[in-house]
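In what follows, a single structure is set out as structure tokens and then discussed.
The values are calculated or read from the model by the stated rules, or taken from the named source; none is laboratory data. In this text the structure is predicted, and so the values were computed from the model without any measurement. FYI the Cβ positions are ideal-geometry reconstructions off the backbone, even for glycines, and counts take in every protein chain you see.
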Amino acid sequence: MFIAEEGVFDPVEVLELYDSVGWEGYTSDVDKLCRGLVNSHLVITARDGSGSLLGLARTISDDEHICYVQDVVVNPANHRQGVGRALVEHLMRRYSHCRFFLLSTDHEASPEGSRNHAFYRSLGFLSYEEKKMAGFGLPRNRTDLRDTAP
């Protein structure tokens, strides 16, 4: 397996990877997905010896103070083989100079979240609460905003 920075993306290959994990919010518009990758601060991929895409991670960053890990995607056929760990550890080294190195994942109570939390904790991550931080987000459905206004 090798990790490399990439800036050009094959829509079919990227769609297959994101589709393998069921991220329909990304796969419904592959052109938008590819534009998002191109506009990321950094995209790294994990590939096997034949060049097949095993996983991908991307960041949003000012490369000074903050790095936000937007996606860590590993094809389920390659789970528990060190692919995700290699991707995240690469990013941790690359952005070690940044004060904040953050990511968000599913809630721990969900099946996916339970696995993700254990994985990120094994890499030394703490929850926002444990770091005495809070995270906020707008509702996914923008029409819900009127229901949350004071």
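A compact table of results
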read-out: F125, sole failed condition from (1) part of a loop (DSSP other than H, G, I, E, B); (2) surrounded by 14 or more Cβ atoms within 10 Å (Cβ to Cβ); (3) in contact (Cβ under 8 Å) with a residue 24 or more places away in the chain; (4) not charged (D, E, K, R); value: (3)
read-out: Whichever residue in region 65-90 is in contact (Cβ under 8 Å) with a residue 40 or more places away in the chain and either among the aromatic types (F, W, Y) or under 13 Å from R115 (Cβ atoms) (or both) and, among such residues, is surrounded by the fewest Cβ atoms within 10 Å (Cβ to Cβ); value: P76
read-out: Helices (runs of 4 or more DSSP H) enclosed by region 1-115 - at least 1 residues per element that are closer than 28 Å to A134 by Cβ; value: 24-27, 30-38, 83-94
read-out: Test: residue in region 42-55 that is among the aliphatic types (A, V, I, L, M) and farther than 29 Å from P11 by Cβ; value: no
read-out: Answer residue from region 91-107, given it is surrounded by 13 or more Cβ atoms within 10 Å (Cβ to Cβ) and free of Cβ contacts under 8 Å to residues at least 24 places away in the same chain and is farthest from I44 (Cα to Cα) among those; value: D106
read-out: Residues that are polar (S, T, N, Q) and touching a residue at least 40 places away in the same chain (Cβ under 8 Å), drawn from region 10-64; value: S20, T45
read-out: Residue check, S114 more than 15 Å from the chain's Cα centre (by Cα), modelled with pLDDT of 85 or more and at negative phi; value: no
